[in-house]
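Asker: Before I ask anything, here is the structure I am working with.
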Amino acid sequence: MAAERVAVAALMEVMEVGSTTEPDALDVDQGLTLACIGFLCLLLVAMIIRCAKVIMDPYSAIPTSTWEEQHLDD
């Protein structure tokens, strides 16, 4: 009977809303989400830099073989 009272008291203590504490470390889902968002941000920065380079010097992105004049047969 005393063991049941201890078990009920422990259960009631766990069920109290104010007694829960948040964990210090991130859980797996939140960590994976933050890693994916970080990767997407890095990809976005890389694409912005690449687009800025193309805007600054558009002819560097074109191969020199396409600079030659093409003769069309009339």
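The values are calculated or read from the model by the stated rules, or taken from the named source; none is laboratory data. These numbers come from a predicted model, not from an experiment. All Cβ positions, glycine included, derive from the backbone under ideal geometry; neighbour counts span all protein chains shown. For accessibility, only protein heavy atoms count, side chains too; no ligands or nucleic acids. Shrake-Rupley method; radii C 1.70, N 1.55, O 1.52, S 1.80 Å.
Asker: State which residue pairs qualify: first residue more than 30 Å from ALA9 (Cβ to Cβ) and inside the stretch 19-47, second residue modelled with pLDDT of 95 or more in any location, beta carbons under 8 Å apart, and separation of 6 or more residues or different chains.
Answerer: LEU26/LEU34
Asker: Another question, if that's okay. Out of curiosity, is ALA3 assigned to a helix (DSSP H, G or I), open to solvent by less than 100 Å² (accessible area, probe 1.4 Å) and at pLDDT below 95? Don't jump to the end; show me each part of the working.
Answerer: Values: assigned to a helix (DSSP H, G or I): yes; open to solvent by less than 100 Å² (accessible area, probe 1.4 Å): yes; at pLDDT below 95: yes.
Judged against the criteria, ALA3 is a match.
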